[in-house]
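Undergrad: After the structure tokens below, expect a handful of questions from me.
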Amino acid sequence: MYFATRTSRGKQILQLLESYRNAGGQPRNRVVLSLGMRELDKARGKLIAQVTDAELYCRPLLLLIPTDVVEEANEIVGAIRRRGTWAPIGERKQPTEENDADNQPRTRVTGLACLA
């Protein structure tokens, strides 16, 4: 995962993106979370992205990370899980039988919790 800024209506929007390869082996990116108009130092953003990735994928992080970075990453992970739309690459669920007001099927994915 990594942070990037995108321009939307003339404003810079900070987004957390995830890289993956599609079925054809071509590299792709997907937006995990848009964080709005925020400033983020490049080095700090890299650490926050690493901690976020480790938490979402239940991977151990073998680095000493400052507490404030971990807290910010945990806020981002909480926001991702509250949205309920993120799932690890390759584990996306198929749409359920439930429909919304427009009669369109919706995908329900719950956040993953790491097993302790």
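Undergrad: Please tell me if ALA54 is part of a loop (DSSP other than H, G, I, E, B), within 16 Å of LEU17 (Cα to Cα) and at pLDDT 85 or above. Full working, then the answer.
TA: On the way: part of a loop (DSSP other than H, G, I, E, B): no; within 16 Å of LEU17 (Cα to Cα): yes; at pLDDT 85 or above: yes.
Answer is no for this residue.
Undergrad: Any chance segment 15-34 includes a residue that's among the polar types (S, T, N, Q), free of Cβ contacts under 8 Å to residues at least 24 places away in the same chain and part of a helix (DSSP H, G or I)?
TA: Taking segment 15-34 and keeping what is among the polar types (S, T, N, Q), we get 15, 19, 22, 26, 29, 34.
Subset that is free of Cβ contacts under 8 Å to residues at least 24 places away in the same chain: 15, 19, 22, 26, 29, 34.
Going one step further and asking which of them are part of a helix (DSSP H, G or I), we end up with none.
Looking for residues that are among the polar types (S, T, N, Q), free of Cβ contacts under 8 Å to residues at least 24 places away in the same chain and part of a helix (DSSP H, G or I), one finds none in segment 15-34, hence no.
Undergrad: Can you give me the number of residues within segment 63-78 that are in a loop (DSSP other than H, G, I, E, B) and over 21 Å from SER19 (Cβ atoms)?
TA: First pass over segment 63-78, keeping only residues in a loop (DSSP other than H, G, I, E, B): 63-66.
Among the residues that remain, those that are also over 21 Å from SER19 (Cβ atoms) are: 64-66.
Final tally of qualifying residues: 3.
Undergrad: Look through LEU40, LEU64, LEU33, LEU14 and report the one residue that is at pLDDT below 90 and in contact with a Phe, Trp or Tyr (Cβ under 9 Å, 6 or more places away or on another chain). Please lay out each step first, then the result.
TA: On the way: LEU64 fails: in contact with a Phe, Trp or Tyr (Cβ under 9 Å, 6 or more places away or on another chain); LEU33 fails: at pLDDT below 90; LEU14 fails: at pLDDT below 90.
The match here is LEU40.
Undergrad: Among LEU33, LEU17, LEU47, LEU61, which is surrounded by 10 or more Cβ atoms within 10 Å (Cβ to Cβ) and more than 15 Å from the chain's Cα centre (by Cα)? Talk me through it step by step, then tell me what you get.
TA: Numbers: LEU33 fails: more than 15 Å from the chain's Cα centre (by Cα); LEU17 fails: more than 15 Å from the chain's Cα centre (by Cα); LEU47 fails: more than 15 Å from the chain's Cα centre (by Cα).
Every option except LEU61 fails the conditions.
The values are calculated or read from the model by the stated rules, or taken from the named source; none is laboratory data. Quick caveat, the model's predicted, so the values are computed rather than measured. So basically every Cβ, Gly included, is an ideal-geometry build from the backbone, and we count neighbours across all protein chains shown.
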